[in-house]
Amino acid sequence: MLLITVLVLEISGLVILYSASAYNGRVRFSDAGYYLKKQLFAAVLGFVCMWLISRMDYHKMAQFAILAYILSMALSGAVLLVGDTYNGSRRWLSVGPLSFQPSEFAKPAVILFLSRIISRKEKMGNSIFSLIWCVCLVLPIVALVGTNNLSTAIIILGIAVILAFVSRPGYLQFIWIGLTGIGFIALFLSMEQYRLERLVIWKNPEAHEKGFQTIQGLYAIGSGGLFGTGFGKGIQKLGFVPEAQNDMIFSIICEENGLIGAILLLTLFLILLWRFMVIATHARDRLGAFLAAGIMAHIAIQVILNVAVVTNSIPNTGITLPFISYGGTSSLFLLAEMGVALAVSRWQNRQA
Amino acid sequence: MHTFHKRKIIVVFLGSILLLLALIGRLGWLMLGRSEYYGKKAQDLHERERSIKAERGEIWDRNGTVLAANRTVCTVSVIHSQITDPERVIRVLTEELDMEEEKVRARVEKRSSIERIRTNVPKETGDRIRQQELAGVKVDEDYRRYYPFGNLASTAIGFTGGDNQGIVGLEVQYDDVLQGTPGKILTMTDARGVELPDAGESRQEAEAGDTLQISLDVNIQTYATQAALQVMEKKQADGVSVLLMQPDNGEILAMVNVPEYDLNDPFTLETDTVQMSEQEIQDARNQMWRNDCINDTYEPGSTFKIITASAGLEEGVVSLQDKFFCPGYKIVDDRRIRCHKVSGHGSENFVQAAQNSCNPVFIEVGLRLGVERYYHYFQQFGLLEKTGIDLPGEAGTIMHHPENMGQVELATVAFGQSFQITPIQLAATVASLINGGKRITPHLGVSIWDAEGVLKEQLEYPEGEQILSEETSSTMRYVLEQVVDGGSGKNAYIEGYRIGGKTATSETLPRSANQYISSFIGFAPADDPQVLGLCVIHNPQGVYYGGTIAAPVIRDIFQNILPYLGIEKEEIRKKDGASIQ
């Protein structure tokens, strides 16, 4: 069930990506299939990874968790020094013709790392200190990634908080965490002028020059109506929505496939989350449960934040839509994560 | 595994579901509730309106001869992304358009959405290029204004700009009539403005403009232009204006301001422009485009004695038999105003004074009227207002305020000095004084026809007021005929025709420059005026008397156009009359 959902998502993702990116590919690289080809390569690689990982024993995999965590920190550190800059952000490491985004690797690494740490602490105290300790563990990577990729840092932090939440019995302290989090965000926003500016844009994007991307996304969504303009017939992707193949791809889906298409896609994600929940709750051990829960948290956070940004429900921040948005590294590691979830699922079936 | 882990996993899942459902709600609101708003905005963004030029209406003369028409020209452009065989495109365009290969190559190879290669390409060339069916080459048809007679009546007709809009003359005056309604093509474009080939376009056809028929007669205009050019050359004058109109209804038969300019090439100056600044070039062009008949005022001089005589006769302060004595000057207040004949005209009656164009006599008539009555007639004759001619930029009269008019000012006005009017004002006023006394509105526009050639509207002009009694009007015709028969206007006399008229020679300001304007206003037949002509010669060299140089111009023109207009010679008319009896 999970595999089928992932397959359907990935394939529809590739088709949507082609529709959304054909224009930009043609204009920039004289090749309508430019983005599709690169994405397809990553997807094939990802499926191989997924298959390999799904055959593995996740307990053995978890033994490398600390190593993976350290590696991801090293890579995130390296990208700050020798990374390539694209669209104004230094996020890529180049190895020959391939480029690699370490922040994407950081997410599965953190899931693996935290799951292992938490699952080993069988008698988790209910004190607030163990919780803080848990969050503190990921702070180094959050700080490293956050220097040039705030959105991914937020996702990592979110995964950590949810894993901590799952690992501990209480609720009240999480309400406190939530409130402090909001306080921190407010403080963080007010520190820099450009962050406050985002808030102003969010409230009224049409009155603001920099609200262009948001507005174009809203135009695309609004043009969709119930049934959309028809697949491939969207106009907003023709240079109106900047980088239509990236963060804003959901607006193109809305334009072309309408509310029906958008709901269908979100339903696919719902099924995916449901599957993760089932795997997590049926896992034979805490490690498996936390792994599946972490993956669920990852997908849920990214989908919710992405759709929220595209619909201008929250201020603009660059978060991709899993399986759909263009991005080779992201696609590769997402599929690898699916492999982990499949491995957990396979383990529980075998034991049963 | 603790059960609280499971419980909490389910809590996270349910929380996610809740948030996703909320987002779906938001999506529904955006895509259904706000769909119209955002959809409309997006459409505005995607749609490009390309307008289709409307064909401009033609201008016809009174006989239907085309004075202004349109020629189909083509604009050749290339769309870079659609070109498949650039070398062939470059070769064909270089050959057909007779351009340098590098120029064509640079434009063909330029990475732009659409690049214009050449405009104003003849239709035949455009058709030939189109027949080659070159991918990426666009041939758009367009209209270009064309004036078959070149510079004929240029200052009256005027010309248009690149956007089919009138710039000067009738073209701007009747822009609304001629322009038509442009159509439009709505197309969808991408963000760079490139049209989307498969998105349907909606078209709204252009509506051609209406045709304007004017009272001008190409033959009369041509002849008047030749006569004006002749005298301009002969007298080395700065310029010559000739106006011919029907005194009964104000229809203008000819309006000449030489030197005229080429309507098909209105921006090129005759003079060398190398040394000129941008501003100077523009000033020179504006000067070239000026219609001296209506845009400029001048001191009319002795032709204005017609107005003084009409007022005096109408008011009864003078009669034809009144005796006068001209000693060669007249003292007004402390001034001694000279007659043009220094030795004086001696004893003369009013008709003889008119024939002699005797200043002291007309000063006397003016003084007899007094400032108040003179000003009253000045106003009643319509001289304070514009004539209302259907051409842009008519200049107004420059006249003393009545409270500032003393005896000296009155005296000078009485023989046409110290104030200024336009030639069209003089012609319109004199026409009104001799046509039976009805004020006419001089005009060119007569009727409007639609593009299919169906009469749409007969243009109407205000019914003129009676500004002079018919009796005085008739007396004026007699007096002015005497001026031509045996007075200063005798050079306008044509054997067999009864012609009335008045000469004038005025010195321009500043007087020290010794520059003159010579003019003659005449009409025929004197007893039943059907055509009135005014000739104004600016700054002639040598002999500058209006009677000597301007009167022959009108005579020359009348001699030719009177038979053309079907006005027969007096003997023939008499004979015909006799045979009927």
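The values are calculated or read from the model by the stated rules, or taken from the named source; none is laboratory data. Worth saying up front: this structure is predicted, and the values here are computed from it rather than measured. All Cβ positions, even for glycine, are placed from backbone atoms using ideal geometry, and neighbour counts span all protein chains on display.
A few notes on this one:
- When each of B:Glu385, B:Glu315, B:Glu348 is tested for being among the acidic types (Asp, Glu), in contact (Cβ under 8 Å) with a residue 60 or more places away in the chain and in the same structural domain as B:Leu444 (by TED's automatic domain parsing), the lone residue that passes is B:Glu315.
- Filtered by the rule that a residue be part of a loop (DSSP other than H, G, I, E, B) and in contact with an Asp or Glu (Cβ under 9 Å, 6 or more places away or on another chain), region B:133-148 gives B:Leu134, B:Ala135, B:Gly136, B:Tyr147.
- Any chance B:Cys293 is free of Cβ contacts under 8 Å to residues at least 60 places away in the same chain and crowded, with 20+ Cβ neighbours inside 10 Å: no
- Exactly one residue among A:Gly217, A:Gly181 is more than 27 Å from A:Leu17 (Cβ to Cβ), part of a helix (DSSP H, G or I) and of a type outside the set (Phe, Trp, Tyr), and that residue is A:Gly181.
- All conditions in (1) assigned to a helix (DSSP H, G or I); (2) out of contact with any strand residue (DSSP E or B) (no Cβ under 6 Å at 6 or more places or on another chain); (3) of a type in the set (Ser, Thr, Tyr) hold for A:Thr320, with the sole exception of (1).
- Residues of region B:109-132 that are in a helix (DSSP H, G or I) and either modelled with pLDDT under 85 or charged (D, E, K, R) (or both): B:Glu109, B:Lys123, B:Glu124, B:Asp127, B:Arg128, B:Arg130.
- Of everything in region B:33-57 that is in contact (Cβ under 8 Å) with a residue 24 or more places away in the chain and touching a helix residue (DSSP H, G or I) at 6+ places or on another chain (Cβ under 8 Å), the residue that is surrounded by the fewest Cβ atoms within 10 Å (Cβ to Cβ) is B:Ala54.
- From the list A:Ala20, A:Ala32, the one residue that fits, being more than 18 Å from the chain's Cα centre (by Cα) and assigned to a loop (DSSP other than H, G, I, E, B), is A:Ala32.
- The number of residues in region A:283-302 being over 19 Å from A:Met61 (Cβ atoms) and either among the polar types (S, T, N, Q) or within 7 Å of chain B (Cβ to nearest Cβ) (or both) comes to 2.
- Residue match in region A:251-262 (condition: in contact with a strand residue (DSSP E or B) (Cβ under 8 Å, 6 or more places away or on another chain) and facing chain B (nearest Cβ under 9 Å)): no
- Verdict on B:Ala428 being surrounded by fewer than 20 Cβ atoms within 10 Å (Cβ to Cβ), within 29 Å of the chain's Cα centre (by Cα) and of a type in the set (A, V, I, L, M, F, W, C): no
- Among (1) within 14 Å of chain A (Cβ to nearest Cβ); (2) in contact (Cβ under 8 Å) with a residue 60 or more places away in the chain; (3) surrounded by fewer than 14 Cβ atoms within 10 Å (Cβ to Cβ), the one test that B:Asn63 misses: (1)
- Here B:Leu18 meets the list (1) more than 14 Å from chain A (Cβ to nearest Cβ); (2) on the phi < 0 side of the Ramachandran plot almost entirely, failing just condition (1).
- Those residues of region B:322-363 which are small (Gly, Ala, Ser) and more than 18 Å from B:Ala311 (Cα to Cα), in sequence order: B:Gly328, B:Ser343, B:Gly344, B:Gly346, B:Ser347
- Any chance B:Gly393 is under 22 Å from the mean Cα position of the chain (by Cα) and in the same structural domain as B:Arg498 (by TED's automatic domain parsing): yes
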